[in-house]
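The values are calculated or read from the model by the stated rules, or taken from the named source; none is laboratory data. Note that the structure is a prediction, hence the values are computed from the model and not measured. FYI the Cβ positions are ideal-geometry reconstructions off the backbone, even for glycines, and counts take in every protein chain you see.
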Amino acid sequence: MKTDNKSYLFTITISLLTLIALPACNDQLEVAPQGELTEEAIRADPAAAQALVTGVYNGLYSDNVYGQNFIDVSSVASDDADKGSTPTDNPNAIPLDDLTMESNNFPVSAVWNAYYGVIARANQALSLIPLSPAAAEIRARYSGEVRFLRALMYFNLVRIYGGVPLIDTVPPLAEINNPAFQRRASRESIYDFIQRDLEFAMNSLPVKGVAEYISGRATKGAAMGMLAKVFLYRQNYDRAYSLTDSLIKLPNAAGTYGLLTQYDSIWRENGENSVESLFEVQAGISTECNTAVNLYSVYQGPRAGGQRGWRDLGFGLNTPSQSLVNEYEPNDQRSEATIIFINPSPAGTVLWDGFRIPSRDSVENDRYNYKAYHSRTQESNCNNNPDRLPKNIRILRFGEILLIHAEAALAIGRGDEALTDITRLRTRAGLTTPLASVTREDIWHERRVEMGMEHDRYFDLVRQEAVQPGRAVAAFAAEGKTWIKGKHEVFPIPSTQIQLSGNQLEQNPNYR
């Protein structure tokens, strides 16, 4: 649908009256092509509501929801990563790497548009699911999945931009120019809304592993985990503790949640939807591979350079920083599982699947993101679309649940439990020297090395700055970046959106 962007600032790409369910090719999300789903079709066919839900999941495959522009905003801007590749490659990421981005930055604008696109799908689905003849508990489950996804989109929006317009319905055509849809809600109002969506999801979704559970779909545990993360950001440590404590203590005889034995297997195909997984963006296999995030792996893969004698694995962007390298203790197995270290010797570097990068001279950079790597020989691949390597993207996992639990437990005076959580993670990582106790700094250190290159570091530093002033400034300075308090807690509101709103959207402080 061609949208008149003078009348609707969010660049919604689905009809206000119908939803196009994009085809999915994996087992978890597969539905037959639906075309336009009218109200009549929803009322007549119980399966049509499922297609609405699938259409929302499929929105996650947008290039800019978890693809290259999100990578630039969430990771390149952080002290975990540098832009990588050649100095002039991908100029849109350079201001993010330098923290000199302004409101005309393309990745900042692209992410905004993509997230509101998924929110539009979610609102449309939620407006039509009640019309379905499916059983009430099925309709509630569908709504819970959609509200989980909508909460996930708003959670990233509020972390990136602060307060944003809160759109929770499909606006009537006569109302799309209403100033209420153009103005920003407060940061706290957005968090309140996210909390309500996740609480609904938590109360309506199945537990992982029961008969109603479908692998790859949102679950009660995913909603609980995301809600605990929201409470961590809001410094509500009692709620963050209670939710994560419940997850940790869930009966796991059926393998509900726990730590995978080998840390490096989390990001391989055999680690998808494992005992460690609470929620992942699913990837599927087909000729087109249109249910995978475009360029996610290729964007971050090693880039051939110099006297190259082998095919590029990728564009070489979002490379692990020296600051991240320095954070790991000796013998921490998470270092080698997170970072591809390029061997300068002629022997080169051999990756886990046997692929050999000939030498340092054959690539542009010293380090690459191992968590983004997807094997072209030992894992599933698409036939004709090497850019869409079918890699699941891990959004929430049990390792992070232990970190949230530890931080919250320490804050409410349960230091022994925090020590138990951190010891579990360190033991898996091969660090066997016991700790007598843990401090908040210890937990924050553990969070960085456990979750390196997982797109959370920038936002972690912002929330930690609110607890311990000066922390973000010092962390970015160690990576040679100038982080300005009163500005860089958020990114700029895209200038195009301000213009389209008739200047009713207000810019974040100190941006132009």
Open item on the list: Against the condition in contact (Cβ under 8 Å) with a residue 24 or more places away in the chain and not assigned by TED's automatic domain parsing to the domain that holds residue 113, how does residue 207 come out, does it pass?
Closed with: yes
Task: Subset of the stretch 354-372 that is touching a residue at least 60 places away in the same chain (Cβ under 8 Å) and either outside the structural domain of residue 322 (by TED's automatic domain parsing) or among the hydrophobic types (A, V, I, L, M, F, W, C) (or both) - its residue that is surrounded by the fewest Cβ atoms within 10 Å (Cβ to Cβ) - done: 372
- [ ] Go over the candidates 98, 63, 45 one by one and state the one that is surrounded by fewer than 23 Cβ atoms within 10 Å (Cβ to Cβ), more than 20 Å from the chain's Cα centre (by Cα) and either modelled with pLDDT under 95 or in the same structural domain as residue 305 (by TED's automatic domain parsing) (or both).
- [x] 45
TODO: Return a yes/no flag: does the stretch 218-230 have any residue that is touching a Pro at 6+ places or on another chain (Cβ under 9 Å) and touching a residue at least 40 places away in the same chain (Cβ under 8 Å).
DONE: yes
TODO: Output the number of residues of the stretch 154-180 satisfying the condition of being in a helix (DSSP H, G or I) and free of Cβ contacts under 8 Å to residues at least 40 places away in the same chain.
DONE: 4
TODO: Return yes or no: is residue 491 part of a helix (DSSP H, G or I) and within 25 Å of the chain's Cα centre (by Cα)?
DONE: no
Task: Flag if residue 441 is among the acidic types (Asp, Glu) and in a loop (DSSP other than H, G, I, E, B) - done: no
- [ ] For residue 74, indicate whether it is polar (S, T, N, Q), surrounded by 24 or more Cβ atoms within 10 Å (Cβ to Cβ) and within 26 Å of residue 280 (Cβ to Cβ).
- [x] yes
Open item on the list: I'd like the full set of residues that are farther than 17 Å from residue 400 by Cβ and free of Cβ contacts under 8 Å to residues at least 12 places away in the same chain, limited to the stretch 263-273.
Closed with: 270
TODO: May I ask you to verify whether residue 309 is buried (at least 20 other Cβ atoms within 10 Å of the Cβ) and either over 18 Å from residue 391 (Cα atoms) or modelled with pLDDT under 95 (or both)?
DONE: no
Open item on the list: One residue is enough: does the stretch 121-143 have a residue meeting the conditions over 30 Å from residue 45 (Cα atoms) and β-branched (Val, Ile, Thr)?
Closed with: no
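For residues that are of a type in the set (Gly, Ala, Ser) and either in contact (Cβ under 8 Å) with a residue 60 or more places away in the chain or touching a Phe, Trp or Tyr at 6+ places or on another chain (Cβ under 8 Å) (or both), scanning just the stretch 408-447, find the one that is surrounded by the fewest Cβ atoms within 10 Å (Cβ to Cβ).
430
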Open item on the list: Against the conditions (1) closer than 21 Å to residue 59 by Cα; (2) in contact with a helix residue (DSSP H, G or I) (Cβ under 9 Å, 6 or more places away or on another chain), where does residue 127 fall short? Just the number, please.
Closed with: (2)
Open item on the list: Here are the criteria: (1) modelled with pLDDT of 90 or more; (2) assigned to a loop (DSSP other than H, G, I, E, B). Tell me which single one residue 297 does not satisfy.
Closed with: (2)
Task: Sole residue being modelled with pLDDT under 90, under 24 Å from residue 392 (Cβ atoms) and surrounded by fewer than 21 Cβ atoms within 10 Å (Cβ to Cβ), chosen from 286, 274 - done: 286
TODO: Go through 81, 110 for me and flag whichever is small (Gly, Ala, Ser), out of contact with any Ser or Thr (no Cβ under 6 Å at 6 or more places or on another chain) and more than 26 Å from residue 224 (Cβ to Cβ).
DONE: 110
Open item on the list: Can you tell me which condition residue 256 does not meet? The list is (1) within 30 Å of residue 390 (Cα to Cα); (2) surrounded by 17 or more Cβ atoms within 10 Å (Cβ to Cβ); (3) at pLDDT 95 or above; (4) among the polar types (S, T, N, Q), and all the others hold.
Closed with: (3)
TODO: State which residue is farthest from residue 420 (Cα to Cα) when the search covers only the stretch 460-498 and only residues that are hydrophobic (A, V, I, L, M, F, W, C) and buried (at least 21 other Cβ atoms within 10 Å of the Cβ).
DONE: 493
